[in-house]
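A short worksheet on the structure shown next.
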Amino acid sequence: MSAAKVATLLETMDAESAPKHLEVSHCDAHFDVTVQLPGSSGFPDQIVAAFHDITERRNAERQKQELVSTVSHELRSPLTAIKGAMGLVLAGSAGALPERARDMVQIAHRNADRLILIINDILDLDKIADGAMVFDNAHTPLVEVIDAAVEAVAGYRQRFDVKADLVIEARDAVAFIDPNRLVQVLVNLLSNAIKFSPAGAAVTVRLQDNGAFNRISVTDRGEGIPASEQRFLFDRFVQIGTRNRAATGGTGLGLSIVQAILDKQNGHITFTSQVGVGTTFHVDLPKPDAVPDSDISKAG
């Protein structure tokens, strides 16, 4: 994370904010930094930052990611072919199937589709890291993006029996972003919020003014994230909480993609969580007049 990103994050914090975890790189070294503003009884003009050297861990993760990426590239083509062949069989191209055989092929088809989605997530992360992902930025009404994301997870909400409550406090909010990528960010956050909320609960999506930023918040009524696990939340393949992966369908990639996209869109993500109460993720996007002209010209 650049110094500019650190400064941007600090603008959203006050003396009552919980400590924030940042990853900062300098030359070939990597540090996990815990940042906190002292309370009103402390030293209001100072910032407390604790640095933890994670260079060795990051180098090991990089080697693992390179291996996973290589394998993902090799797997995508044959998996797509397998899924296509099973789709043709289910469509009757090879003749009628016995009911039991059809059920088994449908299970295989769904799991092939899930594997392809996982592989695409991995390759998306690699594209972002390599600067190869294209962002088609435009001045975008955020209400439209929120509506599109909520509509995209309608079937998912029905599956988990969870409602979506919209609280729009800044109806005219606009951001200079790629609307499709922001929908991808919100769908990831909404999907997590839905699957970790109890049946019959509601997920709240809030759009509000936050100074130089427009803030979109997604709140669930789930189990919350233990403090000991919060620092790893945006790492790849991390599963947080006690609910198992089979029950919720998570891969541990969604939040990594969210953070990577927002980093490229001059935005950032923070969260607050209380065990037994729920979690709120905040997406802060700079208002158009806060985006440097150089960023606008590059996106155009």
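Restrict the check to the stretch 68-89 and report whether at least one residue is surrounded by 15 or more Cβ atoms within 10 Å (Cβ to Cβ), free of Cβ contacts under 8 Å to residues at least 60 places away in the same chain and of a type in the set (Lys, Arg). Checked the stretch 68-89: at least one residue is surrounded by 15 or more Cβ atoms within 10 Å (Cβ to Cβ), free of Cβ contacts under 8 Å to residues at least 60 places away in the same chain and of a type in the set (Lys, Arg).
Taking every residue in the stretch 106-127 that is closer than 16 Å to residue 88 by Cα and in a helix (DSSP H, G or I) and pairing it with any residue that is modelled with pLDDT of 85 or more and open to solvent by 40 Å² or more (accessible area, probe 1.4 Å), at least 6 positions away or on another chain, the pairs with Cβ-Cβ distances below 8 Å are 109/83; 112/82; 112/83; 113/83.
Residues being assigned to a helix (DSSP H, G or I), touching a strand residue (DSSP E or B) at 6+ places or on another chain (Cβ under 9 Å) and over 30 Å from residue 202 (Cβ atoms) are entirely absent from the stretch 62-74. Of all residue pairs spaced 6 or more apart or on separate chains, those with beta-carbon atoms under 6 Å, a first member in the stretch 25-37 that is at negative phi and a second member that is open to solvent by less than 40 Å² (accessible area, probe 1.4 Å) and in a strand (DSSP E or B) are 31/24; 33/22; 33/24; 35/20.
Taking the listed residues 174, 150, 183, the one that is over 24 Å from residue 124 (Cβ atoms) and touching a residue at least 24 places away in the same chain (Cβ under 8 Å) is 174, with no other qualifying. Of the residues 50, 91, 81, 96, which is among the small types (Gly, Ala, Ser), more than 23 Å from the chain's Cα centre (by Cα), closer than 27 Å to residue 258 by Cα and at pLDDT 80 or above? From the options 50, 91, 81, 96, the qualifying one is 50. Would you confirm whether any residue within the stretch 167-181 is at pLDDT 95 or above, aliphatic (A, V, I, L, M) and farther than 26 Å from residue 279 by Cβ? Yes, some residue in the stretch 167-181 is at pLDDT 95 or above, aliphatic (A, V, I, L, M) and farther than 26 Å from residue 279 by Cβ. With a requirement of 2 or more residues that are touching a helix residue (DSSP H, G or I) at 6+ places or on another chain (Cβ under 7 Å), under 22 Å from residue 236 (Cα atoms) and open to solvent by 20 Å² or more (accessible area, probe 1.4 Å), the helices (runs of 4 or more DSSP H) lying completely within the stretch 131-207 that satisfy it span 179-195.
The values are calculated or read from the model by the stated rules, or taken from the named source; none is laboratory data. If you're wondering where the values come from, they're calculated on a predicted model, not measured in any experiment. With ideal geometry, Cβ positions are generated from the backbone for all residues, glycine too; neighbour counts draw on all protein chains shown. Keep in mind that these areas ignore ligands, DNA and RNA; they rest on the heavy atoms of the full protein, side chains included. Shrake-Rupley method; radii C 1.70, N 1.55, O 1.52, S 1.80 Å.
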